[in-house]
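Encoded as structure tokens, the structure appears first; notes follow it.
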Amino acid sequence: MSAVRVEPRVGSADRPSLLASARTLGGRCLTLCLVELAKVRHDRTELYTRAIQPALWLLIFGETFTRIHAIPTGRIPYLDYLAPGIMAQSALFIAIFYGIMIIWDRDFGILTKLLATPTPRAALVAGKAFAAGVRAISQVVVVLVLSAILGVTFDWNPLRLAGAILAVVLGSAFFSTLSVTIAGLVMTRDRLMGIGQAITMPLFFGSNALYPVALMPAWLRTLTVVNPLSYEVNALRGLLLGTASNLPVDFAVLLVSSILGILVASSLLPRLAR
């Protein structure tokens, strides 16, 4: 009598659950993020030097334009209006050149080794993206301390401060993935530096960081709609100053932009590693 072969049934228990996959991805992102932050702990010079720029913007630009009333901001003093914009700008300047680290990793052979591991490419990009966000928190602290010294009337509610930090982290995550995407296209540090410098100021001046959107020409107002930095600044002003803002939309734009940035940047990693 011939034996009957019974095929093993693959049940739901044999398939990795979506929750387990998400935990694995999150754990690897966290590990890579901690590795990036360890670099900062060993060399904190970058954090100190980067604190100079927001200090100059607030102490010189902010104080001067507050006195001359050149930019109408309604009931809010211009220095108060400017502080969240400088917070977002400082985070942008950190994140937009983050792709250089990916190129360094490639040159030292680290990127090739990482891509050879089971770690998903999205986790590699997300780890670096959120490491850039955590680095940007140092700039948030600098601006908050300076704002307190200069008498800026922020809402110091801990929940609102936590929301502001989340907005900065998401914004930094997107701009760092934009930098990684550019690195995957241009392949060299020099080209990345040139393109980064070319797009940083348009992103900054094409947002509402320095002045209200109503003061902009029509063509520039159109650009602010597709500029994630504007949504980051809107969220920061709404949380810290209590200005009219649509926080669900602001955070949704930042979150979706970050996710899309991670997906696009991760698709270019193999090209960068060649």
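Let's see how each residue does on (1) closer than 20 Å to residue 186 by Cα; (2) at pLDDT 85 or above; (3) small (Gly, Ala, Ser); (4) touching a strand residue (DSSP E or B) at 6+ places or on another chain (Cβ under 6 Å):
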{"site": "78", "(1), (2), (3), (4)": "no, yes, no, no"}
{"site": "87", "(1), (2), (3), (4)": "no, yes, no, no"}
{"site": "96", "(1), (2), (3), (4)": "yes, yes, no, no"}
{"site": "107", "(1), (2), (3), (4)": "yes, no, no, no"}
{"site": "117", "(1), (2), (3), (4)": "no, no, no, no"}
{"site": "128", "(1), (2), (3), (4)": "yes, no, no, no"}
{"site": "140", "(1), (2), (3), (4)": "no, yes, no, no"}
{"site": "145", "(1), (2), (3), (4)": "no, yes, no, no"}
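State whether the residues of segment 191-202 include one that is charged (D, E, K, R) and modelled with pLDDT of 90 or more.
So the first thing to find is which residues in segment 191-202 are charged (D, E, K, R), and the list is 191.
Narrowing the set further to residues that are modelled with pLDDT of 90 or more leaves none.
No - not one qualifying residue is present in segment 191-202.
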Quiz item: Can you name the number of the only condition in (1) without any contact (Cβ under 8 Å) to a residue 60 or more places away in the chain; (2) under 30 Å from residue 62 (Cα atoms) that residue 190 fails?
Solution: (2)
Practice problem: Please tell me if residue 193 is in a helix (DSSP H, G or I), under 21 Å from the mean Cα position of the chain (by Cα) and surrounded by 14 or more Cβ atoms within 10 Å (Cβ to Cβ). | Solution: yes
Quiz item: Which ones in segment 207-229 are out of contact with any helix residue (DSSP H, G or I) (no Cβ under 6 Å at 6 or more places or on another chain) and assigned to a helix (DSSP H, G or I)?
Solution: 214, 215, 218, 219, 220, 222, 223, 225
Quiz prompt | Sole exception among (1) surrounded by fewer than 16 Cβ atoms within 10 Å (Cβ to Cβ); (2) hydrophobic (A, V, I, L, M, F, W, C); (3) in contact with a Phe, Trp or Tyr (Cβ under 7 Å, 6 or more places away or on another chain); (4) closer than 25 Å to residue 171 by Cα for residue 71, by number | solution = (4)
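Name the residue that is surrounded by the fewest Cβ atoms within 10 Å (Cβ to Cβ), counting only residues in segment 126-153 that are of a type in the set (A, V, I, L, M) and under 20 Å from residue 30 (Cβ atoms). Write out each step before concluding.
Step one: of segment 126-153, the residues of a type in the set (A, V, I, L, M) are 126, 129, 131-132, 134, 136-137, 140-146, 148-150, 152.
Narrowing further to those that are under 20 Å from residue 30 (Cβ atoms): 126, 129, 131-132, 134, 136-137.
Working: 126: 28, 129: 31, 131: 25, 132: 28, 134: 18, 136: 27, 137: 14.
That would be 137.
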Quiz item: Of these, 135, 106, 50, 75, which one is free of Cβ contacts under 8 Å to residues at least 40 places away in the same chain, out of contact with any Pro (no Cβ under 8 Å at 6 or more places or on another chain) and not polar (S, T, N, Q)?
Solution: 75
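Only one residue in 154, 204 is in contact (Cβ under 8 Å) with a residue 60 or more places away in the chain and in a helix (DSSP H, G or I), so which one is that?
Answer to the check: 204.
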Quiz item: Checking residue 113 against (1) charged (D, E, K, R); (2) out of contact with any Ser or Thr (no Cβ under 9 Å at 6 or more places or on another chain); (3) touching a residue at least 24 places away in the same chain (Cβ under 8 Å), which single condition isn't satisfied?
Solution: (3)
Practice problem: Output the residues belonging to segment 197-211 that are buried (at least 23 other Cβ atoms within 10 Å of the Cβ) and either under 17 Å from residue 94 (Cβ atoms) or among the hydroxyl-bearing types (Ser, Thr, Tyr) (or both). | Solution: 207, 209
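The values are calculated or read from the model by the stated rules, or taken from the named source; none is laboratory data. Small disclaimer: the values here were computed from a predicted structure and weren't measured. Cβ: placed from backbone, ideal geometry, glycine included. Neighbour counts: every protein chain shown.
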